[in-house]
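In what follows, a structure is listed as structure tokens, so that the remarks can point back to it.
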2 protein chains.
Amino acid sequence: MALSGIRVVDLTRILAGPFCTMLLADMGADVIKIESPGGGDPVRNQGAMKHGVSWYFAQFNRNKRSLTLDLRSAEGKAVLADLIRGADVLVENYRPGVLDEMGFDQARRDALNPNLVTTSVNGFGSTGPYAQRPAFDFIAQAMSGFMAVNGREGEPPMRAAPPLSDLVAGLYAAFGTVCALMARGRLADGAAGQRVEASLNNGLVSLMAYLSAECLAGGTDPKRTGNDHPIMSPYGLYRAADGEIAVAASHDGIVERFLGAIDLLELLERPEYATNADRFENRAGIDAEIEARIGLDTVEAWIERLNGAGVPCGRVQPLTEVFEDPQIQAQEMVLEIDHPGRGPVKVTGFPVKLDGTPCQVRLPAPELGGHTGEVLGELGYDAPRIDALRARGVV
Amino acid sequence: MALSGIRVVDLTRILAGPFCTMLLADMGADVIKIESPGGGDPVRNQGAMKHGVSWYFAQFNRNKRSLTLDLRSAEGKAVLADLIRGADVLVENYRPGVLDEMGFDQARRDALNPNLVTTSVNGFGSTGPYAQRPAFDFIAQAMSGFMAVNGREGEPPMRAAPPLSDLVAGLYAAFGTVCALMARGRLADGAAGQRVEASLNNGLVSLMAYLSAECLAGGTDPKRTGNDHPIMSPYGLYRAADGEIAVAASHDGIVERFLGAIDLLELLERPEYATNADRFENRAGIDAEIEARIGLDTVEAWIERLNGAGVPCGRVQPLTEVFEDPQIQAQEMVLEIDHPGRGPVKVTGFPVKLDGTPCQVRLPAPELGGHTGEVLGELGYDAPRIDALRARGVV
């Protein structure tokens, strides 16, 4: 696999950090998830549960091994030091400064392992006036400008339903981690390790695309336009006889194909719909004409006809339909993983495909501390030592 | 830099592909953007323009070099073959099969360069029944299930305002590309090259987080909940005297800190607000109590007080405020790049920070074909040969 042989010590919990390490684990890295004895990652008890397994936890922690470790104890910290000595990557999502306070500042990490890549995922970045603020997806959606552009004009700002800033930060962190691994040996001081950082807020700011360009160039705020495109028409959701379809006529050629396919090409001869600027100005009018026509047939029939004509279009699918969609199944975007003793768990599949070293499910999400003995054994700890650590509640 | 010495031949246009290659270029890769003579990437003429520069194009094409090339001509294809011989990565966002039809199928690419990583960004993946459908961000948002969970209950499904599926696909493609570079030499057949693929639709499906877990476990569709958290209260936007603030009280400890900070701790003594389940059921009531109190002071005052109490909260910032935000400035999330002869252009900054091999702006977004002579010279073409290609309109 692409990252076989890369060992990751994972101090993260909840979502952003675990998503980062899941992406690395899916590519073959050996991710050792450190959890507090007794409780572990709170997500183990969140979301939909079946047979004692959180399907949310299962999705984001597949392919990892779990080691319980009391990081408040000196003995626990000594175990972490041993893990760091043999690792390529340490991933953490504490508030900035906490890792240092725990006794693992840069100097200590360098002393333990100069080749270590330390990846931090946090709310706002580790420098600047908000570095110490508590972070949460909803807050980053508000502060990054995402909510302000999202939603309909005349209505309040709207968040994205999924915890987007967590996921985007995790994805950037995984990308940065692999770049840092590529950089080994290229650093000016000859060392191989370095710090990588991604944050919820910065990640979303980087995804504003033309909305940020418009604001930076013009100094004004983009309007909220709901499902309407800010400059193109026709574009949006149209109601068919049995549901809604999304149509994106992204340039004049596609507008012609679209109106041709629904037998409304004559609309383009009317002066009020002749150019994109005209159509955009008279959007309500052309949308009503289109919807009257689309309403005459079914979603299925239109999707087939429009795709045949090369018009980007699609059904607005609820998740239950998404997971039954033949394309999603062909792309193996739902995986069934056996959790021994707890039955099969379905999780979403691999979003990036490599044909030579494909992502694989090697392990289900781990039981809490399920690999404690195994991992400590690999560090050279013998059975009596492991038993003693267990007896004292360190692992 | 992390990817110094990595050469990327970039056949992409618009957004998803160029975002992938921008991420690689920001990390130090030498990205050669191939554009058609005369026109080039359509984004050059889209979005906010100043002094002939699209600020949208500038944001997504910094750090790249531009080579014009007519890929319909045999001579143009020969130049592309020469570029591929010396490249580490080829990135393309054609519809599946088009690269093959152009004469660059897997066998040809292997013959030219067995170490080549070929990265494809497309709508639905290159296999399956929808592989040939035209794709567009809005369509992927509809088909992936994203729109169905986004928005308010009782209102239509809602897209995210930014072109999220393009950006997420580009980010996954960049991550997969670097993983494939890490994999060199690990492939079973001893070759170093392989194919990497990310798609608009699969990328968004992978970001549904607990919403997908809930659906896969229970077989039912999550409701649209607007800005309300699906299971927690209090949580949401509250109107202060001069604007709105976002508050996320993500567990009981934070609920106490929040209600304590706004002097409403006594609410927890009422039976209807005692537990999260009670508060969630009587959400309108507790939200009204909170809003009456929050309305008595300004956004600024509450933000300071709530952050002091450790409550995740933030101002709902429009983009103009985001780009003036002291945190965003401390994080250098707005960069000013000089475009010689066209003045300074502001773009968003680097979302992932590496302290040893930091991302840098080495080049502004290129003029169309601005590096044609330079790149061809590096391939060993002499001046008369380059002039001849120019004269025939090949470059």
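The values are calculated or read from the model by the stated rules, or taken from the named source; none is laboratory data. Keep in mind that this is a model prediction, so the values were computed, not measured. Don't worry about glycine lacking a Cβ; one is built from the backbone with ideal geometry, like all the others, and counts go over all protein chains shown.
Listed values, structure above:
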| item | result |
| --- | --- |
| Single unsatisfied condition, A:Ala48 versus (1) in the same structural domain as A:Arg186 (by TED's automatic domain parsing); (2) at pLDDT 95 or above; (3) buried (at least 16 other Cβ atoms within 10 Å of the Cβ); (4) of a type in the set (A, V, I, L, M) | (2) |
| A:Phe323 being under 30 Å from B:Ala135 (Cα atoms) and assigned by TED's automatic domain parsing to the domain that holds A:Ile34 | no |
| Residue match in the range A:96-110 (condition: free of Cβ contacts under 8 Å to residues at least 40 places away in the same chain and facing chain B (nearest Cβ under 7 Å)) | no |
| B:Leu296 being more than 34 Å from the chain's Cα centre (by Cα) and more than 30 Å from A:Gly218 (Cβ to Cβ) | yes |
| Answer residue from the range A:65-98, given it is farther than 30 Å from B:Asn307 by Cβ and of a type in the set (S, T, N, Q) and is surrounded by the most Cβ atoms within 10 Å (Cβ to Cβ) among those | A:Ser66 |
| Condition check for A:Val299: closer than 30 Å to B:Asn115 by Cα, aliphatic (A, V, I, L, M) and within 14 Å of chain B (Cβ to nearest Cβ) | no |
| Helices (runs of 4 or more DSSP H) contained in the range A:291-395 and holding at least 2 residues in contact (Cβ under 8 Å) with a residue 12 or more places away in the chain | A:299-308, A:372-378, A:383-391 |
| Counted residues, the range A:187-214 - those being of a type in the set (Asp, Glu) and within 7 Å of chain B (Cβ to nearest Cβ) | 2 |
| Lone qualifier among B:Phe136, B:Phe104 - being touching a Leu at 6+ places or on another chain (Cβ under 9 Å), of a type outside the set (A, V, I, L, M) and at pLDDT below 95 | B:Phe136 |
| Which listed residue, of A:Ile14, A:Ile34, is within 13 Å of another protein chain (Cβ to nearest Cβ), out of contact with any His (no Cβ under 8 Å at 6 or more places or on another chain) and closer than 23 Å to A:Ser199 by Cβ | A:Ile14 |
| Residue tally, condition over 18 Å from B:Pro351 (Cβ atoms) and among the acidic types (Asp, Glu), over the range A:137-183 | 2 |
| Strands (runs of 3 or more DSSP E) completely within the range A:1-119 that count 3 or more residues being within 25 Å of A:Leu164 (Cβ to Cβ) | A:89-92 |
| Leading residue by the ranking (surrounded by the most Cβ atoms within 10 Å (Cβ to Cβ)) among those in the range B:123-150 that are outside any helix (DSSP H, G or I) and more than 7 Å from chain A (Cβ to nearest Cβ) | B:Gly123 |
| Residue within the range A:152-163 that is buried (at least 24 other Cβ atoms within 10 Å of the Cβ), more than 7 Å from chain B (Cβ to nearest Cβ) and not charged (D, E, K, R) present | no |
| Filtered residue count, the range B:164-186, keeping only those that are free of Cβ contacts under 8 Å to residues at least 40 places away in the same chain, more than 7 Å from every other protein chain (Cβ to nearest Cβ) and surrounded by fewer than 24 Cβ atoms within 10 Å (Cβ to Cβ) | 1 |
| Residue in the range B:362-369 that is out of contact with any strand residue (DSSP E or B) (no Cβ under 8 Å at 6 or more places or on another chain), within 14 Å of chain A (Cβ to nearest Cβ) and not aromatic (Phe, Trp, Tyr) present | no |
| Residues located in the range B:274-290, provided they are in a helix (DSSP H, G or I) and of a type in the set (A, V, I, L, M, F, W, C) | B:Ala277, B:Phe280, B:Ala284, B:Ile286, B:Ala288, B:Ile290 |
| Single match in A:Arg133, A:Arg109, A:Arg65 (criterion: in the same structural domain as A:Gly373 (by TED's automatic domain parsing), closer than 19 Å to B:Asp355 by Cα and charged (D, E, K, R)) | A:Arg109 |
| Among residues of the range B:251-260, those that are crowded, with 20+ Cβ neighbours inside 10 Å and either under 31 Å from the mean Cα position of the chain (by Cα) or more than 9 Å from chain A (Cβ to nearest Cβ) (or both), counted | 3 |
| Unique residue being modelled with pLDDT of 95 or more and touching a helix residue (DSSP H, G or I) at 6+ places or on another chain (Cβ under 7 Å) when the list is B:Leu99, B:Leu83, B:Leu67 | B:Leu67 |
| Residue in the range A:218-230 that is crowded, with 24+ Cβ neighbours inside 10 Å and either within 21 Å of B:Asn201 (Cβ to Cβ) or at the interface with chain B (Cβ under 7 Å from one of its Cβ atoms) (or both) present | no |
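Per-residue answers, yes or no, for (1) surrounded by fewer than 17 Cβ atoms within 10 Å (Cβ to Cβ); (2) within 13 Å of chain B (Cβ to nearest Cβ); (3) at pLDDT below 95:
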{"residue": "A:Leu264", "(1), (2), (3)": "no, no, no"}
{"residue": "A:Gly285", "(1), (2), (3)": "yes, no, no"}
{"residue": "A:Ala288", "(1), (2), (3)": "yes, no, no"}
{"residue": "A:Ile303", "(1), (2), (3)": "no, yes, no"}
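Residue-wise test of (1) within 9 Å of another protein chain (Cβ to nearest Cβ); (2) in contact with a helix residue (DSSP H, G or I) (Cβ under 7 Å, 6 or more places away or on another chain); (3) aliphatic (A, V, I, L, M).
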residue	(1), (2), (3)
B:Glu324	no, no, no
B:Gly343	no, no, no
B:Phe350	yes, yes, no
B:Asp355	yes, no, no
